[in-house]
Amino acid sequence: QLCIVRAMVRHLDVPVRVESAPLVRDDDLLALSSRNRGLSEDARLAASSSLPVSMLSVSAAAEADRALTLPADAPPPPPTWEVASCLEARIAKACSEAGGEADYVTAVDRETLQPIGSVKGCSADIELPDGWTRALPEGARMCAAVVYGGVRLLDNVAL
């Protein structure tokens, strides 16, 4: 939403400054939203144990990978689509196993929101080599919409 508002302000030349703030999460890690009130206790438990946990673990893995010091002769990273699609598959699998139905799980460019992965059929079990984050554009984000108990939850994290 922030990206869309910024683009509208820029394209329409509206004289305002758009301020961003970190995503606020509830104690169970779900992004704070009025939609959460529609979750049954079981659906909330399923959602909180899968969607934010898988999203935050992918984000933490990306941060750890970027912190690695790679040797000069390190092989090039896998193709961008493969890295993004593997991460998407991991999150979708975790949500599905908890009873969620993913509308989308997509790695995107933070400025354009254009997908950088989304090749269906990529395995969630592919082992990514050290340095895989070099394949991602700077500021890439993982966005997801997953339905639990009839309630569509949204989440996004930095990659």
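The residue of segment 113-146 that is surrounded by the most Cβ atoms within 10 Å (Cβ to Cβ), among those that are over 30 Å from residue 71 (Cα atoms) and either among the acidic types (Asp, Glu) or in contact (Cβ under 8 Å) with a residue 40 or more places away in the chain (or both), is 146. For segment 21-40, the set of residues classified as polar (S, T, N, Q) and within 18 Å of the chain's Cα centre (by Cα) consists of 33 only.
Restricting 159, 56, 87 to residues that are surrounded by fewer than 16 Cβ atoms within 10 Å (Cβ to Cβ), under 11 Å from the mean Cα position of the chain (by Cα), within 22 Å of residue 1 (Cβ to Cβ) and at pLDDT 90 or above narrows the list to 56. Candidates in segment 64-75 are the residues that are touching a residue at least 40 places away in the same chain (Cβ under 8 Å) and either open to solvent by 70 Å² or more (accessible area, probe 1.4 Å) or farther than 23 Å from residue 91 by Cα (or both); of these, the one that is nearest to the chain's Cα centre (by Cα) is 66.
Answer yes if at least one residue in segment 9-27 is touching a residue at least 12 places away in the same chain (Cβ under 8 Å) and closer than 17 Å to residue 111 by Cα, and no otherwise. Yes; the residues of segment 9-27 include at least one that is touching a residue at least 12 places away in the same chain (Cβ under 8 Å) and closer than 17 Å to residue 111 by Cα.
The values are calculated or read from the model by the stated rules, or taken from the named source; none is laboratory data. These figures come from a predicted structure and were not determined experimentally. Backbone-built Cβ (ideal geometry, glycine too); neighbour counts: all protein chains shown. Ligands, DNA and RNA are stripped out before the accessible areas are found, and what is left, the full protein with its side chains, is counted by its heavy atoms. Shrake-Rupley method; radii C 1.70, N 1.55, O 1.52, S 1.80 Å.
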